[in-house]
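Engineer: Structure in structure tokens, see below.
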Amino acid sequence: MKAIRFRVQNFRNIDDSDWIELERITAFVGRNESGKTSLLKALHKFNSATPEPYDAQREFPRDRYTRDYVANGSNGEDWPVCSVEFEIPEILRVEIAELLEEDEKSPEKVTATRYYDGSLKFEYASTIEEKPLVPESVLNALETFASSARRLAAPDPSQEEYTAEQRTELANWATEWKDKLKAIVNLRVGEGANLLTKLRTEVEYWSNPQTADMIEALQQVVEPVLDVAKKGPVIDQIDEKIKHNLPVLIYFENYGILDSAIWLPRFIEDLSRDPNDSRVRTINAMFKYVGLDSKEITALGEDPHREALRMGYPSEAERTATTQRHKDERAIKLNSASIDISGRFSEWWSQRRHKIRYQADGDYFRIWIADDRRPDVEIELEARSKGFQWFFSFYLVFLAESDDGHKDAILLLDEPGLHLHPTAQQELIAFFEKLTEKNQLAYTTHSPFLIDGEHLHRIRPVKEDDTGHSRITAETWPEDRETIFPLQAAAGYAMLRELFQHRKNVLVEGMTDFYYLQALSQQCAKSGRMSLPDDIYITPFGGTKNVGYLASLFLSHKVRPLVLLDGDDAGRARRDALIKELYVDHNSSIVMLDDVLNRPRQEVKERRLRTKFSILRRCCFPRWTRDLKRKRPDRTT
């Protein structure tokens with residue numbers, strides 16, 4: 001089931017978050033202590049993969065605990081914590097429709113609310129009207145039974161007296177049951193199912209060849225009614241179906257960083273004792289992801305020949321051959337797993353291409369890493385960068401666990417990728433996109449590079465108000481500068497990255513140049529004269545001292561912009577520096593006003609602006625200019 005939105009109440013520093021819309025990927029952004037983690041923890045405990053109940057003593061808002069929770073005297077059944085609205089999938093709606101009357105429509109949405117006592121309550125978008133299961137058919141069957149009993153024939157004249165007594169007892173028994181069942185309004189609730197079960201048992205006491213047909217006729221009516229009554233109210237049956245289909249929520253906070261050397265006997269012991277330990281969890285994911293069994297790898301490394309020598313037994317050739325075969329099998333499996341993980345991991349981590357080698361040496365399992373810069377040099381995993389270690393561990397846990405019984409789960413990440421370089425954090429966003437093909441995902445961050453600037457609608461800013469309570473905004477962004485800063489940075493980076501995707505860029509010194517060139521181009525276009533095409537992007541770089549930095553950004557994206565500089569001393573000095581460092585063999589991509597005009601130190605503003613436009617036309621688009629002149633020799637700019 002897809003989660004549409006959720007709401008947190010009475011949890012830590014959150015009195016009421018109000019409804020928060022959930023996207024396929026949702027990012028909660030805010031400064032430290034703003035309440036991001038509280039949101040994820042409250043949502044996680046709603047239906048955690050491993051049971052983790054709410055604890056009012058520790059998690060109910062402290063300023064209200066005594067006044068509200070304790071004074072109320074409840075066990076938490078009156079205090080909701082987390083509500084989640086789900087979209088009911090079509091296949092489940094069909095199952096629900098089978099429980100409803102023909103004229104009732106199956107609900108499309110359901111809201112589930114978890115309380116502090118652990119109870120779960122459901123509300124449906126459309127009201128479900130349930131018709132009571134009345135005992136009418138059973139009453140009619142009992143009446144027929146009593147009528148047949150009164151006409152019960154004696155097997156022979158000598159048994160007439162006994163048969164007469166039996167007629168009376170059977171008729172009275174049926175009448176008593178009719179009186180009991182008449183008081184039942186709905187057999188689905190209360191004692192209805194128990195009474196029908198007792199009726200079915202008692203009628204068997206009267207079984208004999210004379211009453212067989214009567215009893216079978218009554219049973220045929222009671223059985224289907226009893227089956228329906230046992231299922232309980234329809235609304236309870238629907239609740240159970242919804243509860244069974246609720247997605248589990250998997251919370252990731254600490255990712256156990258893999259050690260480069262793992263002692264297999266200790267790991268196997270830890271796995272059986274505490275499988276949820278972060279380090280054990282990561283090692284186990286590493287083995288499962290490439291289809292290795294840690295116990296099998298350990299067993300294949302055992303040397304019975306060595307044990308026999310220790311015990312004083314003579315060596316046997318057969319034992320030696322078996323031992324060698326086991327070691328060869330272990331080496332082959334590890335080599336296959338190494339090739340597999342190296343290929344898969346390279347699809348996600350593009351900072352460098354790495355070769356990962358798994359090695360087993362006795363009871364030790366080791367991880368060696370080489371990269372494309374020094375392919376012949378293998379170093380231990382723990383000697384790689386923190387960012388690489390984190391992403392490798394995170395990658396293994398996520399892919400292994402999301403495929404291992406957690407499909408359609410909701411994944412919750414608290415501050416992922418803190419050790420990653422900004423470019424790797426951007427790759428992590430792409431990794432999230434891949435994960436959400438099977439799972440919804442929500443994460444917290446305060447890094448602008450973990451905010452997808454192309455999908456700002458996924459952002460949910462979280463801030464702390466003056467009273468210390470958490471507030472979440474969705475429709476607008478808050479005015480709080482600390483909260484909004486990573487969002488501003490992400491939006492700015494997205495716009496700049498969009499600029500890098502264009503191939504025709506012109507860098508000018510200031511905003512004045514930008515405004516005049518844009519205005520002149522528009523005026524020329526309106527008057528039917530030659531103007532700048534729409535795919536030309538003019539960017540001011542804020543003075544000659546900044547042009548090198550901005551040009552470097554473009555060049556790093558394989559885009560070489562044209563640079564337009566004034567003919568003063570600062571402009572010439574910057575030109576010489578650019579040609580020496582960034583524009584080697586590309587002198588024509590740097591244009592000086594005075595060189596084009598053949599007037600040293602051109603300073604006239606109006607003429608300079610007109611000349612800048614003319615230079616752009618001739619230097620950026622010479623073929624277009626020549627063609628235009630052939631067609632319109634009478635028109636000049």
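Engineer: Which one of the conditions (1) within 19 Å of Gln210 (Cβ to Cβ); (2) open to solvent by 60 Å² or more (accessible area, probe 1.4 Å); (3) at pLDDT 85 or above does Asp179 fail to meet, given that it meets all the rest?
Structural biologist: Asp179 satisfies every listed condition except (1).
Engineer: Give the residue that is modelled with the lowest pLDDT, with candidates limited to residues of the stretch 407-422 that are surrounded by 18 or more Cβ atoms within 10 Å (Cβ to Cβ) and within 11 Å of the chain's Cα centre (by Cα).
Structural biologist: The extreme case among them is Ala409.
Engineer: Just name the residue that is nearest to Leu555 (Cα to Cα) out of those in the stretch 511-531 that are assigned to a loop (DSSP other than H, G, I, E, B) and either open to solvent by less than 20 Å² (accessible area, probe 1.4 Å) or of a type in the set (S, T, N, Q) (or both).
Structural biologist: Step one: filter the stretch 511-531 for residues assigned to a loop (DSSP other than H, G, I, E, B), giving 527-531.
Cutting the leftovers down to either open to solvent by less than 20 Å² (accessible area, probe 1.4 Å) or of a type in the set (S, T, N, Q) (or both) gives us 527, 531.
Values: Ser527: 36, Ser531: 27 Å.
Ranking the qualifying residues of the stretch 511-531, first place goes to Ser531.
Engineer: From Gln440, Gln425, which residue is in contact with a Gly (Cβ under 6 Å, 6 or more places away or on another chain) and either at negative phi or modelled with pLDDT of 80 or more (or both)? Give the steps one after another, and end with the answer.
Structural biologist: Details: Gln440 fails: in contact with a Gly (Cβ under 6 Å, 6 or more places away or on another chain).
None of the others qualify; the one that does is Gln425.
Engineer: Continuing with the same structure: Can you find even one residue in the stretch 194-210 that is open to solvent by less than 20 Å² (accessible area, probe 1.4 Å), modelled with pLDDT under 90 and among the small types (Gly, Ala, Ser)?
Structural biologist: no
Engineer: Follow-up. Quick check on the stretch 428-438. Is at least one of its residues surrounded by 22 or more Cβ atoms within 10 Å (Cβ to Cβ), of a type in the set (Gly, Ala, Ser) and within 15 Å of the chain's Cα centre (by Cα)?
Structural biologist: Checked the stretch 428-438: no residue is surrounded by 22 or more Cβ atoms within 10 Å (Cβ to Cβ), of a type in the set (Gly, Ala, Ser) and within 15 Å of the chain's Cα centre (by Cα).
Engineer: Next question. Hey, Gly190 hits all of (1) free of Cβ contacts under 8 Å to residues at least 12 places away in the same chain; (2) within 28 Å of Asp239 (Cα to Cα); (3) of a type in the set (Gly, Ala, Ser); (4) surrounded by 15 or more Cβ atoms within 10 Å (Cβ to Cβ) but one; which does it fall short on?
Structural biologist: Evaluating Gly190 over (1) free of Cβ contacts under 8 Å to residues at least 12 places away in the same chain; (2) within 28 Å of Asp239 (Cα to Cα); (3) of a type in the set (Gly, Ala, Ser); (4) surrounded by 15 or more Cβ atoms within 10 Å (Cβ to Cβ) leaves (4) as the failure.
Engineer: Something else about it: Glu223 - would you say it is among the acidic types (Asp, Glu), part of a helix (DSSP H, G or I) and either in contact (Cβ under 8 Å) with a residue 12 or more places away in the chain or open to solvent by less than 70 Å² (accessible area, probe 1.4 Å) (or both)? Reasoning before the result, please.
Structural biologist: On the way: among the acidic types (Asp, Glu): yes; part of a helix (DSSP H, G or I): yes; either in contact (Cβ under 8 Å) with a residue 12 or more places away in the chain or open to solvent by less than 70 Å² (accessible area, probe 1.4 Å) (or both): yes.
In short, yes.
Engineer: While we're looking at this one, here's another question. Which residues, counting only those in the stretch 420-445, are assigned to a loop (DSSP other than H, G, I, E, B) and either closer than 12 Å to Glu23 by Cα or among the β-branched types (Val, Ile, Thr) (or both)? Steps first, answer last, please.
Structural biologist: The initial filter retains those residues of the stretch 420-445 that are assigned to a loop (DSSP other than H, G, I, E, B), namely 420-421, 436-439.
If the condition is that a residue be assigned to a loop (DSSP other than H, G, I, E, B) and either closer than 12 Å to Glu23 by Cα or among the β-branched types (Val, Ile, Thr) (or both), then Thr436, Asn439 are the ones that fit.
Engineer: Something else about it: Can you name the residue in the stretch 362-378 that is without any contact (Cβ under 8 Å) to a residue 40 or more places away in the chain and open to solvent by 50 Å² or more (accessible area, probe 1.4 Å) and is also nearest to the chain's Cα centre (by Cα) among such residues? Reasoning before the result, please.
Structural biologist: The initial filter retains those residues of the stretch 362-378 that are without any contact (Cβ under 8 Å) to a residue 40 or more places away in the chain, namely 369-378.
This time we only want the ones that are open to solvent by 50 Å² or more (accessible area, probe 1.4 Å), so: 372-378.
Values: Asp372: 32, Arg373: 34, Arg374: 36, Pro375: 35, Asp376: 38, Val377: 37, Glu378: 35 Å.
Filtering first and then ranking leaves Asp372.
Engineer: For a quick check of your reading of the model, give me the residue pairs whose first member lies in the stretch 460-471 and is of a type in the set (Asp, Glu), whose second is open to solvent by 20 Å² or more (accessible area, probe 1.4 Å), with beta-carbon atoms closer than 9 Å and at least 6 apart or on different chains.
Structural biologist: Taking only residues 6 or more apart or on different chains, the pairs are Glu464/Asn13; Glu464/Arg31; Glu464/Glu33; Glu464/Arg471; Glu464/Asp480; Asp465/Arg471.
Engineer: On to the next question. Among the residues of the stretch 292-325, which ones are under 23 Å from Ile268 (Cα atoms), open to solvent by 70 Å² or more (accessible area, probe 1.4 Å), part of a helix (DSSP H, G or I) and modelled with pLDDT of 60 or more?
Structural biologist: Our first condition is that a residue be under 23 Å from Ile268 (Cα atoms); within the stretch 292-325, this holds for 292-304, 306-307, 323.
So of that shortlist, the ones also open to solvent by 70 Å² or more (accessible area, probe 1.4 Å) come out as 293, 295, 302, 306-307.
Filter once more, keeping what is part of a helix (DSSP H, G or I): 295, 306-307.
Selection gives Lys295 alone.
Engineer: Got a sec? Which of Arg150, Arg188 is basic (Lys, Arg) and over 30 Å from Asn75 (Cβ atoms)?
Structural biologist: Values: Arg188 fails: over 30 Å from Asn75 (Cβ atoms).
On inspection, the qualifying residue turns out to be Arg150.
Engineer: A further question follows. Give the residues of the stretch 565-593 that are assigned to a helix (DSSP H, G or I), open to solvent by less than 10 Å² (accessible area, probe 1.4 Å) and either closer than 19 Å to Leu517 by Cβ or modelled with pLDDT under 80 (or both), sorted by residue number.
Structural biologist: Restricting attention to the stretch 565-593, the residues satisfying the condition of being assigned to a helix (DSSP H, G or I) are 569-581, 587-589, 593.
From what is left, the residues that are open to solvent by less than 10 Å² (accessible area, probe 1.4 Å) are 571, 578, 593.
Across the stretch 565-593, the qualifying residues are Gly571, Leu593.
Engineer: Could you tell me which of the residues Leu139, Leu133, Leu170 is assigned to a helix (DSSP H, G or I) and either modelled with pLDDT of 90 or more or within 60 Å of the chain's Cα centre (by Cα) (or both)? Working first, answer last.
Structural biologist: Working: Leu133 fails: assigned to a helix (DSSP H, G or I); Leu170 fails: either modelled with pLDDT of 90 or more or within 60 Å of the chain's Cα centre (by Cα) (or both).
Result of the check over Leu139, Leu133, Leu170: Leu139.
Engineer: Are any residues in the stretch 1-29 within 22 Å of Arg62 (Cα to Cα) and of a type outside the set (Phe, Trp, Tyr), and if so, which ones? Walk me through it before giving the result.
Structural biologist: Here is the first cut: in the stretch 1-29, the residues within 22 Å of Arg62 (Cα to Cα) are 7-18.
Those that are within 22 Å of Arg62 (Cα to Cα) and of a type outside the set (Phe, Trp, Tyr): Arg7, Val8, Gln9, Asn10, Arg12, Asn13, Ile14, Asp15, Asp16, Ser17, Asp18.
Engineer: If you don't mind, there's one more thing I want to ask. When the residues of the stretch 1-39 are filtered to those that are in a helix (DSSP H, G or I) and more than 22 Å from Val110 (Cβ to Cβ), which remaining residue is most open to solvent (accessible area, probe 1.4 Å)? Let's see the steps before the verdict.
Structural biologist: So the first thing to find is which residues in the stretch 1-39 are in a helix (DSSP H, G or I), and the list is 36-39.
Filter once more, keeping what is more than 22 Å from Val110 (Cβ to Cβ): 36-38.
Details: Lys36: 12, Thr37: 53, Ser38: 14 Å².
In this case the residue turns out to be Thr37.
Engineer: Just to verify a result, which residue in the stretch 40-64, among those that are out of contact with any Cys (no Cβ under 9 Å at 6 or more places or on another chain), of a type in the set (A, V, I, L, M) and under 15 Å from Glu253 (Cα atoms), is surrounded by the fewest Cβ atoms within 10 Å (Cβ to Cβ)?
Structural biologist: It comes out as Ala49.
Engineer: Name every residue in the stretch 51-68 that is modelled with pLDDT of 90 or more and assigned to a loop (DSSP other than H, G, I, E, B), in order of residue number.
Structural biologist: Scanning the stretch 51-68 gives Pro53, Tyr54, Asp55, Phe60, Pro61.
Engineer: Tell me yes or no: at least one residue of the stretch 140-159 is hydroxyl-bearing (Ser, Thr, Tyr), touching a residue at least 40 places away in the same chain (Cβ under 8 Å) and open to solvent by 40 Å² or more (accessible area, probe 1.4 Å). Can you show your working first?
Structural biologist: Here is the first cut: in the stretch 140-159, the residues hydroxyl-bearing (Ser, Thr, Tyr) are 144, 147-148, 158.
Still in the list and also touching a residue at least 40 places away in the same chain (Cβ under 8 Å): 144, 148.
Then drop every residue that is not open to solvent by 40 Å² or more (accessible area, probe 1.4 Å), which leaves 144, 148.
Yes, there is a match, as at least one residue in the stretch 140-159 is hydroxyl-bearing (Ser, Thr, Tyr), touching a residue at least 40 places away in the same chain (Cβ under 8 Å) and open to solvent by 40 Å² or more (accessible area, probe 1.4 Å).
Engineer: When Ser158 is evaluated against the numbered criteria (1) over 24 Å from Val221 (Cα atoms); (2) assigned to a loop (DSSP other than H, G, I, E, B), which criterion, by number, is the only one it fails?
Structural biologist: Among (1) over 24 Å from Val221 (Cα atoms); (2) assigned to a loop (DSSP other than H, G, I, E, B), the lone unmet condition for Ser158 is (2).
Engineer: Same structure, new question: Within the stretch 361-383, track down each residue that is in a loop (DSSP other than H, G, I, E, B) and either in contact with a Cys (Cβ under 8 Å, 6 or more places away or on another chain) or modelled with pLDDT of 80 or more (or both). Break it down into steps so the answer makes sense when it comes.
Structural biologist: Applying the first criterion (in a loop (DSSP other than H, G, I, E, B)) to the stretch 361-383 yields 362-363, 372-378.
Within the stretch 361-383, Asp363, Asp372, Arg373, Arg374, Pro375, Asp376, Val377, Glu378 qualify.
Engineer: Still on this structure, I have one more. Taking the stretch 532-560 only, how many residues are farther than 17 Å from Leu593 by Cα and either loosely packed, with under 13 Cβ neighbours inside 10 Å or not hydrophobic (A, V, I, L, M, F, W, C) (or both)?
Structural biologist: 15
Engineer: Quick check on my filter: what residues within the stretch 106-128 are open to solvent by 50 Å² or more (accessible area, probe 1.4 Å) and at pLDDT 85 or above?
Structural biologist: We begin by selecting, within the stretch 106-128, every residue open to solvent by 50 Å² or more (accessible area, probe 1.4 Å); these are 108-109, 117, 121, 123, 125, 127.
Once the filter is applied, which keeps residues that are open to solvent by 50 Å² or more (accessible area, probe 1.4 Å) and at pLDDT 85 or above, the stretch 106-128 yields Glu108, Lys109, Asp117, Lys121, Glu123.
Engineer: Hey, does the stretch 69-87 have a residue that's in a helix (DSSP H, G or I), of a type outside the set (A, V, I, L, M, F, W, C), surrounded by 15 or more Cβ atoms within 10 Å (Cβ to Cβ) and without any contact (Cβ under 8 Å) to a residue 12 or more places away in the chain? Let's see the steps before the verdict.
Structural biologist: First, pick out the residues of the stretch 69-87 that are in a helix (DSSP H, G or I): 69-72.
Pick out the ones that are also of a type outside the set (A, V, I, L, M, F, W, C) and you get 69, 72.
Now drop any that are not surrounded by 15 or more Cβ atoms within 10 Å (Cβ to Cβ), which leaves 69.
Now restrict to residues that are without any contact (Cβ under 8 Å) to a residue 12 or more places away in the chain: none.
No, that holds for no residue.
Engineer: How many residues, within the stretch 450-464, are open to solvent by less than 40 Å² (accessible area, probe 1.4 Å) and in a loop (DSSP other than H, G, I, E, B)? Explain how you work it out, then say what you get.
Structural biologist: Taking the stretch 450-464 and keeping what is open to solvent by less than 40 Å² (accessible area, probe 1.4 Å), we get 450-453, 458-462.
If we keep only those that are in a loop (DSSP other than H, G, I, E, B) as well, we get 451-453.
Counting residues in the stretch 450-464 that are open to solvent by less than 40 Å² (accessible area, probe 1.4 Å) and in a loop (DSSP other than H, G, I, E, B) gives 3.
The values are calculated or read from the model by the stated rules, or taken from the named source; none is laboratory data. Quick caveat: nothing in here was measured; it's all calculated off a predicted structure. Glycine gets a Cβ as well: all are built from the backbone with ideal geometry, and neighbour counts include every protein chain shown. Please note that ligands, DNA and RNA were not included when accessible areas were found on the heavy atoms of the full protein model with its side chains. Shrake-Rupley method; radii C 1.70, N 1.55, O 1.52, S 1.80 Å.
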